[in-house]
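Note sheet for the following structure.
Every read-out reported here was derived from the displayed coordinates using simple, explicitly stated rules and does not represent laboratory data. Note that the structure is a prediction, hence the values are computed from the model and not measured. Because the Cβ atoms are built from the backbone with ideal geometry, glycine has one as well, and the counts that use them run over all protein chains shown.
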Amino acid sequence: MIINILSLETLTSKTQDQITKLYRQLNADNKQRSLFEILQASNNVSVFAAIADDCVVGIAILSTYKVISGYRGMVDDVVVDVSQRGNGIGKKLMQRLLKEAKLMGLDEVFLFTGHHRKPAISLYTSLGFTLRKSGLYNLTIN
C-alpha cells in the first residue's frame, strides 16, 4: 500500500469513481463534489489516498487556512473501505497527513467526528488529538 497526495495532473476518472464509491461508506446522503473541483489550486486542499492493488482503499482530506490566530488545518472526509478497516490504513493516512501539516508549518490541526465513531476517536486520540472544550455551531446554506 502507498499513500499519495492527489493532484489535478494525476487525477483520473477511475480514481474519481473509486473515491465516490468509498465516500458513500462514510456518508451516503451527502452530495459529493468532484475531485476535479476540489483540487483546484485556489482551494488549499490536499487529498491523501491510500492505494493498494491499483485501488483507492482510504482517503483523508486536509484543508488549510490562515487567520490572525494562526495557520490552521482542518481534517475532513476520513474513510477507509469497510473491507480494509482494522489494518492500520486510517492511521497511516493520518500520520502522512500530519507529517505534511508539519512540513507546511501549520500551527494547529482540527477535526470533527461523531461521538458514536469509537474506532475513529481511538485513532485520533492515539495520534495526540484532544477533545476541545468549545461550542461548534452549524448553519447549512442551500
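For the stretch 8-46, which positions are among the hydroxyl-bearing types (S, T, Y) and free of Cβ contacts under 8 Å to residues at least 40 places away in the same chain? Walk me through how you get there before you give the answer.
Just the residues of the stretch 8-46 that are among the hydroxyl-bearing types (S, T, Y), to begin with: 10, 12-13, 15, 20, 23, 34, 42, 46.
Residues satisfying the conditions are T10, T12, S13, T20, S34, S42.
Among the residues of the stretch 33-41, are any over 16 Å from I2 (Cβ atoms), among the hydrophobic types (A, V, I, L, M, F, W, C), in a loop (DSSP other than H, G, I, E, B) and over 16 Å from the mean Cα position of the chain (by Cα)? Let's see the steps before the verdict.
First, pick out the residues of the stretch 33-41 that are over 16 Å from I2 (Cβ atoms): 33-41.
Okay, now just the ones that are also among the hydrophobic types (A, V, I, L, M, F, W, C), so 35-36, 38-39, 41.
If we keep only those that are in a loop (DSSP other than H, G, I, E, B) too, we end up with 39.
Remaining after also requiring over 16 Å from the mean Cα position of the chain (by Cα): none.
Looking for residues that are over 16 Å from I2 (Cβ atoms), among the hydrophobic types (A, V, I, L, M, F, W, C), in a loop (DSSP other than H, G, I, E, B) and over 16 Å from the mean Cα position of the chain (by Cα), one finds none in the stretch 33-41, hence no.
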Original post:
Name the pairs whose Cβ atoms lie under 8 Å apart, with the first residue in the stretch 103-121 and more than 23 Å from S46 (Cβ to Cβ), the second surrounded by 12 or more Cβ atoms within 10 Å (Cβ to Cβ) and among the charged types (D, E, K, R), and 6 or more positions between them or separate chains?
Top reply: P119/R85
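Being in contact with a helix residue (DSSP H, G or I) (Cβ under 9 Å, 6 or more places away or on another chain), of a type in the set (G, A, S) and surrounded by fewer than 22 Cβ atoms within 10 Å (Cβ to Cβ) is the filter here, so list the residues in the stretch 56-72 that pass it. Please lay out each step first, then the result.
Of the residues in the stretch 56-72, the ones in contact with a helix residue (DSSP H, G or I) (Cβ under 9 Å, 6 or more places away or on another chain) are 56-64, 71.
Subsequent filtering for residues that are of a type in the set (G, A, S) retains 58, 60, 63.
Scanning the stretch 56-72 gives a single hit, S63.
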**OP:** Give the residues of the stretch 15-43 that are surrounded by 13 or more Cβ atoms within 10 Å (Cβ to Cβ), over 18 Å from R85 (Cβ atoms) and not hydroxyl-bearing (S, T, Y), sorted by residue number.
**Re:** Q16, Q32, L35, I38, L39
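Could you pull out the residue among I121, I68 that is of a type outside the set (D, E) and closer than 19 Å to Q25 by Cα?
Details: I68 fails: closer than 19 Å to Q25 by Cα.
Within the list I121, I68, the selection yields I121.
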**OP:** Just give me the residues in the stretch 1-32 being part of a helix (DSSP H, G or I) and of a type in the set (K, R), in sequence order.
**Re:** K14, K21, R24
